[in-house]
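To start, the structure itself, in structure tokens.
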Amino acid sequence: MSHTIRLANAKDYSRIMEIWESAVKATHDFLAEEDFNYFKEVIPRDYLPNLEVYLITEDEKAEGFASVAEGNLEMLFIHNDTRGKGYGRKLYEFMKEKKGLTKVDVNEQNPQAIGFYEKMGFRQTGRSEKDGSGKDYPIIHMSL
């Protein structure tokens with residue numbers, strides 16, 4: 001698998017949102033439609049411009065993205081069509097090595113993600129009843 005990881009820019013936002021939508025529809029079946037639409041609106045407007053987002057690309061096509069802020073993995077999403085090909089692991093390793101990743105918050109209702117992070121060496125350190133937006137989606141806090 002030949003891939004590159006590069007810093008995203010505003011021109012990448014539409015592809016980032018395609019990846020996000022594909023991944024969320026495949027793994028976040030617990031997310032209410034109104035909340036899905038809320039995040040679809042605020043991510044490109046409020047999150048992406050304020051984060052360093054990295055893309056993993058195959059043949060110059062972005063297949064996933066991730067961002068770390070202050071050691072916390074803010075987002076890591078892989079397009080559903082390419083899940084299971086190692087992109088998540090590669091992005092995780094890059095973010096750990098280059099960006100000092102040590103923590104992640106994961107939706108409690110997303111056991112696939114919890115399992116992935118446990119395989120990467122994370123352990124649960126806490127739990128919150130609400131997500132970072134104050135919505136009723138419990139969060140598992142994990143650290144290396």
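See the values below:
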| read-out | value |
| --- | --- |
| Within the range 126-144, considering residues that are hydroxyl-bearing (S, T, Y) and part of a loop (DSSP other than H, G, I, E, B), the one surrounded by the most Cβ atoms within 10 Å (Cβ to Cβ) | Y137 |
| Extreme residue, farthest from the chain's Cα centre (by Cα), among residues of the range 78-94 that are open to solvent by 40 Å² or more (accessible area, probe 1.4 Å), modelled with pLDDT of 95 or more and not basic (K, R) | D81 |
| Residue ID - farthest from A26 (Cα to Cα), chosen from residues in the range 51-103 that are in contact with a Leu (Cβ under 8 Å, 6 or more places away or on another chain) and of a type in the set (V, I, T) | T102 |
| Residue that is modelled with pLDDT of 95 or more and not hydroxyl-bearing (S, T, Y), where the choices are L31, L7 | L7 |
| Selection from the range 99-113 of residues that are open to solvent by 70 Å² or more (accessible area, probe 1.4 Å) and under 13 Å from the mean Cα position of the chain (by Cα) | K103, D105, Q112 |
| Residue within the range 31-42 that is buried (at least 17 other Cβ atoms within 10 Å of the Cβ), of a type in the set (A, V, I, L, M) and either within 12 Å of the chain's Cα centre (by Cα) or farther than 26 Å from S14 by Cα (or both) present | no |
| Among (1) closer than 16 Å to G132 by Cβ; (2) surrounded by 12 or more Cβ atoms within 10 Å (Cβ to Cβ) - the single one N50 does not satisfy | (2) |
| Residue among S2, S14 that is over 14 Å from M75 (Cα atoms), open to solvent by 50 Å² or more (accessible area, probe 1.4 Å), part of a loop (DSSP other than H, G, I, E, B) and hydroxyl-bearing (S, T, Y) | S2 |
| Residues being outside any helix (DSSP H, G or I), closer than 16 Å to A23 by Cβ and out of contact with any strand residue (DSSP E or B) (no Cβ under 7 Å at 6 or more places or on another chain) - total across the range 83-125 | 6 |
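The values are calculated or read from the model by the stated rules, or taken from the named source; none is laboratory data. Remember, predicted model here, so these are calculated numbers, not experimental data. Every residue, glycine as well, gets a Cβ built from its backbone with ideal geometry; the counts of neighbours run over all protein chains shown. The area values use the complete protein model at the heavy-atom level, side chains included, leaving out ligands, DNA and RNA. Shrake-Rupley method; radii C 1.70, N 1.55, O 1.52, S 1.80 Å.
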